Structures are given as C-alpha cells and as structure tokens.
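**Q** Attaching a single structure in structure tokens format; questions to follow.
The values are calculated or read from the model by the stated rules, or taken from the named source; none is laboratory data. Predicted model only: the values in this text are computed from it and were never measured. In this analysis, Cβ positions are derived from the backbone assuming ideal geometry, glycine residues included, and neighbour counts consider all displayed protein chains. To get the accessible areas, we keep the full protein, side chains included, count just its heavy atoms, and leave off ligands, DNA and RNA. Shrake-Rupley method; radii C 1.70, N 1.55, O 1.52, S 1.80 Å.
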Amino acid sequence: MHRDSVLTALGLEMDPARHLKDLAEHLDAAHKQVASNPAVTVKGGRLTLEKLET
C-alpha cells in the first residue's frame, strides 16, 4: 500500500489520533516554556515581547 510507505518515509504514525496527541504534547510544552518567560505576554490573542536592552 502506498500510504504505508509514504507515512514511513515521512516518519509519521499510522494512527492519526496518536500523531495529533504527539503534536498537542509538543505544543503544550512550547506554550509552557514561552509562558514561563516574564518578557512574554499575550494580550487580546497577540504575543508581545519586551524589548531587549543592548
């Protein structure tokens, strides 16, 4: 089956639910990392970064 070989070549899971769960876990980890940075805020759905002092 071509689907199997394509998924294997791309390194994707056969089960889309598992793949989506993995993506959600990565997104959650990235969100927590960004949210823990005091220079980052989200207001009105927009990400705001404080200016770096040089």
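**Q** With a 1.4 Å probe and every protein chain left in place, work out the accessible area per residue of the chain in Å², rounded to a whole number.
**A** 96
**Q** While we're on this one: At a 1.4 Å probe radius, which order do T48, T8 fall into by accessible area, largest first?
**A** The most accessible residue leads, giving T8, T48.
**Q** May I ask you to compute the full-extension gain from A17 to A39, defined as 0.36 nm times their residue separation minus their alpha-carbon distance, rounded to one decimal in nm?
**A** Length gained, A17 through A39: 4.5 nm.
**Q** Grab the beta carbon distance between L47 and L7, set R0 = 25 Å, and tell me the FRET efficiency rounded to 0.05.
**A** Efficiency, rounded to the nearest 0.05: 0.15.
**Q** If you plug each phi of region 23-28 into the Karplus form 6.51 cos²θ - 1.76 cosθ + 1.60 with θ = phi - 60°, what whole-Hz ³J(HN,Hα) values come out, in order, with x for Gly and Pro?
**A** Couplings: 4, 5, 5, 5, 5, 4 Hz.
**Q** Out of Q33, G44, L23, whose Cα points farthest toward the positive end of the dipole of the chain (charges: +1 Lys, Arg; -1 Asp, Glu; placed on Cβ)?
**A** Most positive-ward Cα: G44.
**Q** Got a number for carbon plus sulfur as a percent of the chain's accessible area, 1.4 Å probe?
**A** Of the solvent-accessible surface of the chain, carbon and sulfur hold 61 percent.
**Q** If you build the convex hull over the alpha carbons only and average its shadow over all orientations, what do you get for the chain? Give it in nm² to one decimal.
**A** 6.2
**Q** Let me ask something else about it. Sorted by accessible area with a 1.4 angstrom probe, largest first, how do T54, T41 fall? Walk me through the numbers on the way to the answer.
**A** On the way: T54 180, T41 55 Å².
Accessible-area ranking of T54, T41, largest first: T54, T41.
**Q** What is the magnitude of the charge dipole of the chain about its Cα centre, with +1 placed on the Cβ of each Lys and Arg, -1 on the Cβ of each Asp and Glu, and no other charges, expressed in debye to the nearest 20?
**A** Here the chain has a charge dipole of around 260 debye.
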